[in-house]
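Report on the following structure.
The values are calculated or read from the model by the stated rules, or taken from the named source; none is laboratory data. In this text the structure is predicted, and so the values were computed from the model without any measurement. We place every Cβ from the backbone using ideal geometry, glycine too, and count neighbours over all the protein chains shown. Heads up: the accessible areas ignore ligands, DNA and RNA and are worked out on the full protein's heavy atoms, side chains in. Shrake-Rupley method; radii C 1.70, N 1.55, O 1.52, S 1.80 Å.
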Amino acid sequence: MTHIRIVLITIFGSLILFTACNDSDQLKVKSTKVSNDFSIETAKTEIDAANMEFVKLFNTSDSVGLANMFTIDGKSMEPNEPAFSGRSEIQRHYAIVMKAGNNKLGLVTTGLWGDEKMLAEEGEYKFMDKNEKVLDKGKYIVLWKKEEGNWKLFRDCYNSDMPI
């Protein structure tokens, strides 16, 4: 009789545990579907527009506008120098770059991943002088973060494909 009681308690306990686990999994799936309005296609369109604005600002030597495309705590991490943190450091750096005559930029996105909180963009870039001579070309990774309802550059990092 005790064996039967142990078997019944084990079966009953397993059923309760299985049902509880199964119900919580269904709730997770339901809540994810209801609250997730994010679309990677929409995000790509928004990032493409932001990149067009970034290129326009760079090519017209607007270092203030370009720095404002970064989050307040944004960083520009370029090769062979310390990171530029915050909009004022980023603005000062790009002003120097633009005054040196490096005021033509081309960007091509080759991949985009993420969710409504953060996107990772992979791409290729070209820096050119005023005569369209290529000064540098390579690849980049940008982490985009929503700030004030807009995608802004949170982390920007690139490196050259050209020999030193």
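At a glance:
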item: Region 52-84, residues that are among the acidic types (Asp, Glu) and modelled with pLDDT of 95 or more; result: GLU53, ASP62, ASP73
item: Of the criteria (1) out of contact with any helix residue (DSSP H, G or I) (no Cβ under 7 Å at 6 or more places or on another chain); (2) more than 19 Å from GLU41 (Cα to Cα); (3) crowded, with 18+ Cβ neighbours inside 10 Å, which one LYS130 fails; result: (3)
item: Residues being of a type in the set (Asp, Glu) and in contact (Cβ under 8 Å) with a residue 24 or more places away in the chain - total across region 122-164; result: 6
item: Pick from region 102-115, criterion surrounded by 13 or more Cβ atoms within 10 Å (Cβ to Cβ) and out of contact with any Phe, Trp or Tyr (no Cβ under 6 Å at 6 or more places or on another chain), ranking: modelled with the lowest pLDDT; result: ASN103
item: Residues of region 46-90 that turn out to be open to solvent by 40 Å² or more (accessible area, probe 1.4 Å), assigned to a helix (DSSP H, G or I) and closer than 16 Å to CYS157 by Cα, as a count; result: 2
